[in-house]
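Scroll down for the structure; my scribbles are underneath it.
The values are calculated or read from the model by the stated rules, or taken from the named source; none is laboratory data. Here the structure is a predicted model, which means the values were calculated and not measured. Methodologically, a virtual Cβ is constructed for each residue, glycine included, from the backbone with ideal geometry; neighbour enumeration extends over all protein chains shown.
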Amino acid sequence: MRSVIAIVAAGVCAALAACSDPRPPAGDGCAKTGVHGCGVLDPASEEFHGRVLAELDWDLDACAGCHGADFAGTTKAPTCRTCHADGPTACNTCHEATPTTGAHARHRAGGVTCDQCHRVPTSWKDEGHIRVAGVADPAPAEVTMTDRAAITPTGGTRTAAPAFDPATATCTQVYCHGDVLAAAGGTSEQPRWSTPGGPTPCTSCHGQPPPSHASNACATCHPASAPHIDGVVDVPTACDGCHGSAASPAPPRDLAGNQFITAIGVGAHQAHLTAPSRLSAPLPCATCHAVPATVTAAGHIDSAGPAEVVAALGWDRTTATCGTAWCHRAARPVWTRTGEAACGTCHGVPPANANHIPTFTLRDCVLCHPNTVDGFGNIKFVAGPSGPTTAHLDGDVDAP
């Protein structure tokens, strides 16, 4: 890859402008040498050294023969560093250290290094830089995108290598602009290099939210501390990455960050999953919700909240109660309160039917339900394959 030859003359002119008056006097005062004419330092002259160098196919070694390998001057010729402080072979002699053309400055400000879009030479004479097979390499500069642009994320839709089209000044199939993200919904996934503007908005690479998402609360599942545009979708694969905690995938914490049971997103989740009341065995999430196999499973993040509850439970979000839940029978404990489920709230003590004597107490339950309660009226628990379990609230009335 070559430097942008088209701006060499402009770079030389800028260097000359920094000198007091580098042009030799015209007429009789011209100190013509055996190599260069009087206009060697005059950008308007046909003898200007920049034009001479172009005719030599930018062979700077020819100049070094007289001016020295470091261009600091010899007994044959003066220094070139009066105007080219870093020497003619320095990168900034032909182009800026941080070019300002097109979107160069915006990419550099975003941490994109030169070698991510260009093959950066180690020397001015590297093949393919400003010369190819000893002949000047014409503009434009070659673009060979690597690193971030060439990433294909999991689930991506790359169909070709990342590329830049000089005719349209557009980039295609670049990861860093969302062109290989699957159905991302970005508004400018193939941006024009020459389009002016400020920082690129999130919506240019992917929708906010993307079509596969129902919520635009990015920080709920994508931590702000995670790197961006690094080829990794920073979303946890475990349920507790977005809700719940390391101890349990169920709230608290809910998707809004709430921690208290008075928030409907928290409520009695833990009371059901851990069953601290000892009225039943812990209930799995699938008892009340359809549990997705993966984060991106249909009906999960592509479904607008609140979370769906199994229809048979008769969930009423307005009153925060389940109207037809078998496990609570006619009782309708409020989801966001505590202490509303106990023996006597789901059925009477004793139940009011012909099978029970009205004077029975909890101690009498063992007479007919010995597998469910003990002689003190406590619910009996036994070890199960996944933890303590009980015959109470298992859908089978344990009675003779």
Residue that is farthest from Cys202 (Cα to Cα), among those in region 144-183 that are part of a helix (DSSP H, G or I) and of a type outside the set (Asp, Glu): Ala150
Those residues of region 147-192 that are at positive phi and surrounded by fewer than 18 Cβ atoms within 10 Å (Cβ to Cβ) come to a total of 5
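Would you pick out the residues in region 369-400 that are of a type in the set (S, T, N, Q) and part of a loop (DSSP other than H, G, I, E, B)?
Initially, region 369-400 is screened for residues of a type in the set (S, T, N, Q), giving 371-372, 378, 386, 389-390.
If the condition is that a residue be of a type in the set (S, T, N, Q) and part of a loop (DSSP other than H, G, I, E, B), then Asn371, Thr372, Asn378, Ser386, Thr390 are the ones that fit.
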Is it the case that some residue within region 96-110 is more than 30 Å from Cys176 (Cα to Cα) and under 47 Å from the mean Cα position of the chain (by Cα)? no
Extreme residue, farthest from the chain's Cα centre (by Cα), among residues of region 69-94 that are over 16 Å from Ser123 (Cβ atoms) and surrounded by 19 or more Cβ atoms within 10 Å (Cβ to Cβ): Cys80
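Tell me the residue from Asp61, Asp21 that is at pLDDT below 90 and surrounded by fewer than 17 Cβ atoms within 10 Å (Cβ to Cβ), please. Lay out the reasoning, then the answer.
Values: Asp61 fails: at pLDDT below 90.
Asp21 is the lone residue from the list that is at pLDDT below 90 and surrounded by fewer than 17 Cβ atoms within 10 Å (Cβ to Cβ).
Tell me the residue from Ala62, Ala105 that is part of a helix (DSSP H, G or I), more than 30 Å from Pro227 (Cβ to Cβ) and not assigned by TED's automatic domain parsing to the domain that holds Pro166, please.
On the way: Ala105 fails: more than 30 Å from Pro227 (Cβ to Cβ).
Answer to the check: Ala62.
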Residue match in region 136-144 (condition: in contact with a helix residue (DSSP H, G or I) (Cβ under 6 Å, 6 or more places away or on another chain), under 30 Å from Ala54 (Cβ atoms) and small (Gly, Ala, Ser)): yes
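If a residue has to be part of a loop (DSSP other than H, G, I, E, B) and either under 30 Å from the mean Cα position of the chain (by Cα) or not polar (S, T, N, Q) (or both) to count, how many in region 235-288 make the cut?
Kept after step one, since they are part of a loop (DSSP other than H, G, I, E, B), are these residues of region 235-288: 235-238, 242-244, 246-247, 249-268, 275-284, 288.
Now restrict to residues that are either under 30 Å from the mean Cα position of the chain (by Cα) or not polar (S, T, N, Q) (or both): 235-238, 242-244, 246-247, 249-261, 263-268, 275-276, 278-279, 281-284, 288.
Within region 235-288, residues that are part of a loop (DSSP other than H, G, I, E, B) and either under 30 Å from the mean Cα position of the chain (by Cα) or not polar (S, T, N, Q) (or both) number 37.
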Scan region 350-376 residue by residue and report those that are under 18 Å from Ala330 (Cα atoms) and either buried (at least 16 other Cβ atoms within 10 Å of the Cβ) or in the same structural domain as His328 (by TED's automatic domain parsing) (or both). Pro350
